[in-house]
Amino acid sequence: FFDINFDGNLCLKLFDFASADGQNFAFKYWLYNNETGKFIYNENYSYKLAGMEVYIDSSINMIIVSFISGDYAMGQDRYKVIDNELLLYEEEGIFYDITKEAHFERLYRNVNGEMIIITEKPFSFKE
């Protein structure tokens, strides 16, 4: 139990499944409803909050999801909770750009509902 939507109530999280490579995990989330006194399943949270690790930073009211996607991407998604809905605020990591045939370290930010690249630099796995 923990407060995933920053409303002061504890929520419920149960394991759903692991990816075939065992690197990412999915969970089911139920948010506590004060009016009914019951936990209500939330498909939006369950769908979006899947990855290697889900970290709740209550000091800034943000949910951080670490992820890895084969050789193509690894990083973090950062969500804000607004009116009990998840808003993807930032995505930061290493991504493969098929059009450039190269990896880049990128920071995306949600600006007026669109994820735009804030910073980008080439990335190499070689030291």
Area accessible to solvent at GLU101, 1.4 Å probe radius, in Å²: 140 Å²
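Over all distinct alpha-carbon pairs, what is the Kirkwood Rh of region 1-104 in angstrom?
On the way: mean 1/r = 0.0679 Å⁻¹.
The answer is 14.7 Å.
Arrange the residues SER59, SER46, SER124 by how much accessible surface each exposes, largest first, with a 1.4 angstrom probe.
Working: SER59 100, SER46 15, SER124 65 Å².
Accessible-area ranking of SER59, SER46, SER124, largest first: SER59, SER124, SER46.
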Using a 1.4 Å probe on the protein heavy atoms only, what accessible surface does LYS28 show? Give it in Å² to the nearest 10. 60 Å²
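Probe radius 1.4 Å, ligands and nucleic acids left out: which of LEU14, LEU49 has the largest accessible area, and how do the rest follow? Mind showing how you got there, number by number?
Working: LEU14 85, LEU49 0 Å².
Descending order: LEU14, LEU49.
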Assuming 0.36 nm per residue, please report the length gained on full extension of the stretch PHE27 to SER59 beyond their Cα-Cα distance. 9.2 nm
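Run lengths n ≥ 4 of DSSP H only: what is the helix-derived mean residue ellipticity at 222 nm for the chain, with -39500 (n - 2.57) per run over all residues, to the nearest 500? Don't skip to the end; give the middle numbers.
Details: 1 runs with 6 residues, N = 127.
Taken over the chain, the calculation gives -1000 deg cm²/dmol.
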Solvent-accessible area per residue for region 5-104 (1.4 angstrom probe, square angstrom): 60 Å²
Restricting to lysines and to Cα separations under 24 Å from LYS126, and discarding same-chain partners fewer than 8 apart, the set is LYS100
Where is the GNM fluctuation largest for the chain (alpha-carbon springs, 10 angstrom cutoff): VAL54, VAL65, VAL111? VAL111
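When the accessible area of region 18-74 is split by element with a 1.4 Å probe, what percent falls to carbon and sulfur?
Carbon plus sulfur share of accessible area: 52 percent.
The values are calculated or read from the model by the stated rules, or taken from the named source; none is laboratory data. Just so it is clear, the model here is predicted, and its values are computed rather than measured. With ligands, DNA and RNA removed, areas are computed over all heavy atoms of the protein, side chains included. Shrake-Rupley method; radii C 1.70, N 1.55, O 1.52, S 1.80 Å.
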